[in-house]
């Protein structure tokens, strides 16, 4: 196990810094960047059903993140993964996601756009749009912190889920008012911030690894 000093090198004062944790998870789940995906995926769904689908998918993603956070420590122990490897791997994943946000591709952040006439269930809205690999890695990192911080992280995930609902229930209106160009520019800005956070996470993991030698 890492010492308390090594823990402090990653997300300094995380257990006392609600805002930092909130911003990190919000950037990772990227609700604003997911607006076009939600709009296109729900286009074939009856208008009176769209709000219910958004709420259901957000609740599924929220529940999955909570499950991963509370079982994350056992998951790491079962796979014999160290916190250092999780930090470095998480930094790499976040960096790759951030690059796709800064340099968007026609097939979407996750490599494809799911156009389906049927009502979506879990995929692609809950997973991977909201509770994708980077979000799961982030909550696993939350679970590696002290147990006393768990209530704070539950509050963080809950607040982020509230933002999901506010943004995604207004997805069609946002896209209509702001337009694709503004939404793309906002997503690139979020990607730039996430790039810096990913690099900081990677460097913290490398520092911890060097210190453990």
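The values are calculated or read from the model by the stated rules, or taken from the named source; none is laboratory data. Bear in mind that the values here come from a model prediction, so they are computed numbers and not experimental data. Here the Cβ positions follow ideal geometry from the backbone for every residue, glycine too, while neighbour counts run over all protein chains shown.
Among the residues in region 90-100, are any part of a loop (DSSP other than H, G, I, E, B), under 21 Å from residue 184 (Cβ atoms) and modelled with pLDDT of 80 or more? Lay out the reasoning, then the answer.
Pass one, region 90-100, residues part of a loop (DSSP other than H, G, I, E, B): none.
Among the residues of region 90-100, not one is part of a loop (DSSP other than H, G, I, E, B), under 21 Å from residue 184 (Cβ atoms) and modelled with pLDDT of 80 or more, which makes the answer no.
Being without any contact (Cβ under 8 Å) to a residue 60 or more places away in the chain and closer than 19 Å to residue 18 by Cβ is the filter here; which residues of region 140-188 pass it?
Step one: list which residues in region 140-188 are without any contact (Cβ under 8 Å) to a residue 60 or more places away in the chain, which gives 147, 151, 162, 166, 170, 173, 176-179, 181-182, 185.
Matches in region 140-188: 147, 151, 162, 166.
Identify, from the list 54, 67, the residue that is closer than 27 Å to residue 188 by Cβ, at pLDDT 80 or above and in a helix (DSSP H, G or I). Reasoning before the result, please.
Working: 67 fails: closer than 27 Å to residue 188 by Cβ.
Answer to the check: 54.
For residue 113, which of the numbered conditions (1) touching a helix residue (DSSP H, G or I) at 6+ places or on another chain (Cβ under 7 Å); (2) under 20 Å from residue 26 (Cβ atoms); (3) modelled with pLDDT under 85 fails to hold?
All conditions are met except number (2).
Tell me the residue from 204, 155, 146 that is at pLDDT below 85, more than 14 Å from the chain's Cα centre (by Cα), surrounded by fewer than 18 Cβ atoms within 10 Å (Cβ to Cβ) and more than 24 Å from residue 50 (Cα to Cα), please.
Exactly one of 204, 155, 146 is at pLDDT below 85, more than 14 Å from the chain's Cα centre (by Cα), surrounded by fewer than 18 Cβ atoms within 10 Å (Cβ to Cβ) and more than 24 Å from residue 50 (Cα to Cα), namely 146.
Of the residues in region 171-183, how many are modelled with pLDDT of 75 or more and surrounded by 15 or more Cβ atoms within 10 Å (Cβ to Cβ)?
Residues in region 171-183 being modelled with pLDDT of 75 or more and surrounded by 15 or more Cβ atoms within 10 Å (Cβ to Cβ): 5 in total.
Checking the conditions here, which among 168, 189 is at pLDDT below 85, outside any loop (DSSP other than H, G, I, E, B) and closer than 19 Å to residue 32 by Cβ? Steps first, answer last, please.
Details: 168 fails: at pLDDT below 85.
Unique residue meeting the criteria: 189.
For region 31-49, what are the residues that are assigned to a loop (DSSP other than H, G, I, E, B), touching a residue at least 60 places away in the same chain (Cβ under 8 Å) and loosely packed, with under 15 Cβ neighbours inside 10 Å? Show your work before the answer.
Going through region 31-49, the residues assigned to a loop (DSSP other than H, G, I, E, B) turn out to be 31-34, 42-46.
Pick out the ones that are also touching a residue at least 60 places away in the same chain (Cβ under 8 Å) and you get 31-34, 42, 44-45.
Passing the criteria: only 44.
Tell me which residues, restricted to region 116-143, are more than 20 Å from residue 69 (Cα to Cα), modelled with pLDDT of 75 or more and over 15 Å from the mean Cα position of the chain (by Cα).
The answer is 119, 120, 121, 123.
So which residues in region 62-91 are closer than 22 Å to residue 125 by Cα and either crowded, with 19+ Cβ neighbours inside 10 Å or in contact with a strand residue (DSSP E or B) (Cβ under 7 Å, 6 or more places away or on another chain) (or both), if there are any at all?
In the first step, residues of region 62-91 are kept if they are closer than 22 Å to residue 125 by Cα; the result is 62-69, 90.
Hits for region 62-91 are 62, 65, 68, 69, 90.
Sort out which residues of region 171-186 are over 10 Å from residue 35 (Cα atoms) and in contact with a helix residue (DSSP H, G or I) (Cβ under 6 Å, 6 or more places away or on another chain), and write them in order of number.
none
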